[in-house]
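Participant: Structure in structure tokens, see below.
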Amino acid sequence: MKYRLILFILSLSLFTGTDATAQKMLSVEDAIAATLKNNYDILLLRNDSSSYALDKAYARAAFLPRLNATAGYVANNNNQKQKFSDGTKRESNAVRSSNLTGSVQLNWTLFDGFKMFATRDKLNELVKLGELNIRNQMISSIAAIINNYYNIVRQKQQLKAIEEQMGINEERVKLAEKKFSVGLGAKPELLQAKVDLNAQKAARLRQQTLIEQLKEQLNQLMNVEMNTRYEVTDSIPFRKDIIITDVLNIAEASNPSLLVIKKNIDIAKLTMKERKADKYPVVSFNSAYNYSKTDNKKVVNPFTPLYSRNNGFNYGVGITIPILNGFNVKRQIQQSQLDIDYLKLSYESQKSKIDLGITNAFKDYELQKKMLALEEENILLAKENVYISVERLRLGISTYLELRETQKSLEQAYDRLIAARYNTKLAETELLRLKGDLVK
């Protein structure tokens with residue numbers, strides 16, 4: 001009964017697990033929240049989106065008139081000498097004068113082939129593109145966090161499996177020492193049991209180091225301080241409500257990669273409108289208020305006024321008609337059409353890849369669930385087999401070689417079981433990523 005109790009406690013350790021040092025529990029939701037707040041890639045894309053939003057805020061300025069003011073003041077001090085056709089000569093030095101000018105000009109584009117409307121709509125679409133890029137990066141970052149987080153859980157389960165093997169090897173060492181001490185066992189059996197135990201201890205050290213490395217990798221994804229200490233959960237949950245037809249039907253409307261290409265197509269079409277607008281005349285309203293004052297202290301020519309002032313309004317309509325510009329507009333329109341065609345082909349290509357990825361991920365998801373069910377059954381058989389081998393060895397009707405074989409079988413069963421759990425989670429995460437369902 002002592003060995004049965006030991007094996008039962010060891011088997012529970014893989015699922016319950018207790019640490020000697022109490023650390024803060026980090027859930028996968030906490031890790032995701034920290035990533036969405038701190039991840040560098042997301043922060044960079046948010047900066048780009050803010051730039052688009054800033055441009056959008058000034059989009060209405062394209063419909064407003066341009067108003068500019070100019071002013072100038074010139075002071076003159078000249079020496080003048082004049083000679084007329086009748087022989088008369090006039091000469092004067094230090095002729096001082098001043099000239100003050102001011103003007104306010106207004107230019108208002110009334111029609112430009114609707115280019116200003118296309119530009120406004122394009123800025124609106126760029127803001128939406130920025131939001132989609134952020135969503136796309138958020139989904140990619142969340143998928144990376146989930147995979148990394150549950151890889152730590154996986155390695156943690158692997159560590160507990162190793163510790164369970166250590167417990168069995170410790171019992172082997174005790175049995176070998178007891179038999180050797182009473183002359184019923186051989187020393188090579190004791191030495192081999194100790195060698196196997198040390199091998200498990202070395203494996204535990206390697207596994208602990210791997211877990212710490214994965215935690216640092218998770219810290220980097222969350223953009224938190226390195227060497228931040230925490231504990232993760234012991235289990236890997238799964239969703240059982242994933243239906244491939246739902247994923248395929250929703251992916252086209254929710255997959256961020258496809259939505260980004262769609263939005264780029266919309267922007268390219270608006271760029272085409274901007275290019276076509278250059279074929280039309282530009283009609284503008286122009287107006288100005290001008291002021292000019294000239295003050296001459298003295299003049300050489302009696303017909304030159306000592307004081308002159310001019311001010312008043314002018315206004316009118318101007319039209320610019322494009323006639324020939326080296327066929328540059330035609331080239332730009334053709335280039336815009338090529339851009340649209342390229343993006344449409346990219347969309348179809350990306351959609352094909354996503355459909356294939358969903359199909360393969362779902363097949364892998366179904367396979368891993370079936371393998372997981374088998375390995376859950378296998379682990380119980382392997383544990384029972386090890387228990388029987390330990391009892392047979394204790395009773396002296398079995399050999400250490402038989403126990404080692406059953407231990408090896410248990411170790412392999414744990415490896416397959418833990419891998420099946422993690423691979424099922426990977427397939428599930430990939431399906432939800434392709435579906436665009438990791439961010440609500």
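Participant: Taking the mean number of other Cβ atoms within 10 Å as a proxy for protection, how do you rank 33-39, 143-149, 327-333 from highest to lowest?
Facilitator: Result, highest mean Cβ count within 10 Å first: 143-149, 33-39, 327-333.
Participant: So what's the net charge close to S97: Lys and Arg +1, Asp and Glu -1, counting the other residues with Cβ under 14 Å from its Cβ?
Facilitator: Charge balance in the 14 Å sphere: +4.
Participant: Compute the separation of the alpha-carbon centres of region 206-234 and region 116-133 and state it in Å as a whole number.
Facilitator: 40
Participant: Could you give the distance between the Cα centres of region 343-371 and region 289-329, to the whole Å?
Facilitator: Rounded to whole Å, the Cα centres lie 70 Å apart.
Participant: Still on this model: Ordered by packing density, taken as the mean number of other Cβ atoms within 10 Å over each peptide's residues, highest first, how do 187-193, 74-80 rank?
Facilitator: 187-193, 74-80
Participant: Please determine, in degrees from 0 to 90 and to the nearest 10, the orientation of helix 328-395 with respect to the longest principal axis defined by the Cα atoms of the chain, where the helix direction is its Cα long axis.
Facilitator: The answer is roughly 20 degrees.
Participant: Which whole-number percentage describes the relative contact order of the chain, with Cα contacts under 8 Å and a sequence gap of 6 or more?
Facilitator: For the chain, the relative contact order is 24 percent.
Participant: Angle, helix 115-181 long axis vs. longest principal axis of the chain, Cα atoms, 0 to 90°, nearest 10?
Facilitator: Helix 115-181 and the main axis of the chain meet at about 20 degrees.
Participant: How far is helix 256-277 tilted off the main Cα axis of the chain, in degrees rounded to 10, range 0 to 90?
Facilitator: Long axis of 256-277 versus the principal axis of the chain: about 10 degrees.
Participant: What ranking do 235-245, 153-163 get when scored by the average of other Cβ atoms within 10 Å per residue, highest first? Mind showing how you got there, number by number?
Facilitator: Working: 235-245: 11.8, 153-163: 21.0.
Per-residue Cβ counts within 10 Å, averaged per peptide and sorted highest first, yield 153-163, 235-245.
Participant: Report the Cα-based extents of the chain along its three principal axes, largest first, to the nearest Å.
Facilitator: Sorted from largest, the Cα extents of the chain read 150, 51, 32 Å.
Participant: Something else now. For the cross-link pairs K240/K344; K122/K363; K128/K363; K122/K351; K24/K408; K37/K115, which exceed 29 Å when the distance is taken from alpha carbon to alpha carbon?
Facilitator: Pairs exceeding the cut-off: K240/K344; K122/K363; K128/K363; K24/K408; K37/K115.
Participant: Of R135, R206, how do they rank once you tally other Cβ atoms within 10 Å and put the fewest first?
Facilitator: Listed from fewest to most nearby Cβ atoms, that is R206, R135.
Laboratory data are not the source of any read-out in this text; all were calculated from the coordinates shown. The structure displayed is predicted, hence computed values, not measured ones. Here Cβ is always computed from backbone atoms with ideal geometry, including for glycine, and neighbour counts include all displayed protein chains.
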